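Below is one structure, written out as structure tokens, with a few remarks after it.
The values are calculated or read from the model by the stated rules, or taken from the named source; none is laboratory data. Just so you know, these numbers come straight off a predicted model, no measurement behind them. Every residue, glycine among them, receives a Cβ derived from its backbone with ideal geometry; neighbour counts consider all protein chains shown. Only protein heavy atoms, including side chains, enter the accessible area calculation; ligands, DNA and RNA are left aside. Shrake-Rupley method; radii C 1.70, N 1.55, O 1.52, S 1.80 Å.
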Amino acid sequence: VEDALAELATGSTDDQDIKNLGIDAATNVLTVGIEDGASQTVDLSYLNNSGTDDQTAAEVSVTDTAGNFTATTVEDALAELATGSTDDQDIKNLGINATTNVLTVGIEDGASQTVDLSHLNNSGTDDQDIKNLGINAATNVLTVGIEDGASQTVDLSYLNNSGTDDQTAAEVSVSDTAGNFTATTVEDALAELATGSTDDQNIESLAINTSNNILTVGIEDGMSQTVDLSHLDDSGTDDQDLSSAVVTTNESVEVKITDGNSTTIDIRDADSDKTNELSLLGTGAPAVTPSNAGVTYVDQTAGQLYVYNGTTWEVVGGSASPDLDGDPNNELNTAFEVEANNLKITDAGGT
């Protein structure tokens, strides 16, 4: 027999593919076609029966010839088994010998068993890929191709149904076991909730105890709550000092602050031209011609200010009341003090 099987295995060329597979939904006849052979049919009508043998376990009788229980129905037998069963056993150990591929299974209060899994230690040679997969959108036929084999098709037309289960809230029933509303549909339940909702609450009171920094918040028809704000009671330690240092003489100064970032200030004149800061004094309109623009001139009699633009003198602003004595040296305040609730100011010309 061994040699005969070897010969059959060597000389066999019966590598055939199933060519077609289809069922007639009207007659329930299955047709199976095979490569280079005649197709065969089988009538599956006997399977198309939903059956009427809807029995409960209590209706199914049982014959216990072994005397394992007293019940005469499946229902009672299951009850006896559930009540009297003590066969709660745990798997105690599970291990496999990687050398021999023998799996050992141990069970609580029982003898362990072994099984040789060597036949599973085979990477196999049946590595086949799906070569193509496509569906005809017009016929809804899916074609599946496999490497070194014949492709097969399946009609998926019965899946092409968008369904009609478009329901509104009025069509969806609701079971309110808690008795929260009388509605039997989602639509009516939502309406009841919208109408009966009274959860419009106001803050009733808001107070803080300045001794312990506890804030109490009271709410309408509810319990008040408190929160300790003591961590906010901190006067702080932001005592900072300012200091300065000259960076470049007559150009920039660095200003520093305690625990803060320093900044450098440019103290130079915007045009960096010290010659145009001079002011000339005189009586009447200016008659001199300065060497540069920006020079100012004050008419001490009329109190008028002029600025030289590099070509001509321009009047700046309106006139002011002239100094009555025409002496600019006595306009300087040299001292001030309070005497008997009166402010006493001393200038260059006296008190």
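Of note:
- Residue check for G218: open to solvent by less than 60 Å² (accessible area, probe 1.4 Å), modelled with pLDDT under 80 and more than 30 Å from G22 (Cβ to Cβ): no
- Checked against the criterion of being at pLDDT below 85, under 22 Å from V32 (Cα atoms), of a type in the set (D, E, K, R) and open to solvent by less than 60 Å² (accessible area, probe 1.4 Å), the range 144-161 contains one or more residues that satisfy it.
- Remark: pairs (first residue in the range 147-162, farther than 14 Å from L133 by Cα; second residue at pLDDT below 85 and assigned to a loop (DSSP other than H, G, I, E, B); Cβ separation under 8 Å; 6+ apart in sequence or on different chains) = D148/Q128.
This table checks each residue for (1) at pLDDT 80 or above; (2) over 60 Å from the mean Cα position of the chain (by Cα); (3) not small (G, A, S).
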| position | (1), (2), (3) |
| --- | --- |
| T296 | yes, yes, yes |
| Q304 | yes, yes, yes |
| G317 | no, yes, no |
| P322 | no, yes, yes |
| L332 | no, yes, yes |
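- Qualifying strands (runs of 3 or more DSSP E) (wholly inside the range 76-158; at least 3 residues being hydrophobic (A, V, I, L, M, F, W, C) and within 30 Å of G22 (Cα to Cα)): 130-136, 141-146
- In the range 24-69, the residues that are closer than 23 Å to Y158 by Cα, modelled with pLDDT of 80 or more, open to solvent by less than 70 Å² (accessible area, probe 1.4 Å) and not in a strand (DSSP E or B): T27, N28
- The set of residues in the range 207-266 that are free of Cβ contacts under 8 Å to residues at least 12 places away in the same chain and part of a strand (DSSP E or B) comprises A207, N209, T216, Q225, A245, V246, T248, E254, T263.
- Tally, over the range 221-235, of residues that are open to solvent by less than 100 Å² (accessible area, probe 1.4 Å) and of a type in the set (A, V, I, L, M): 2
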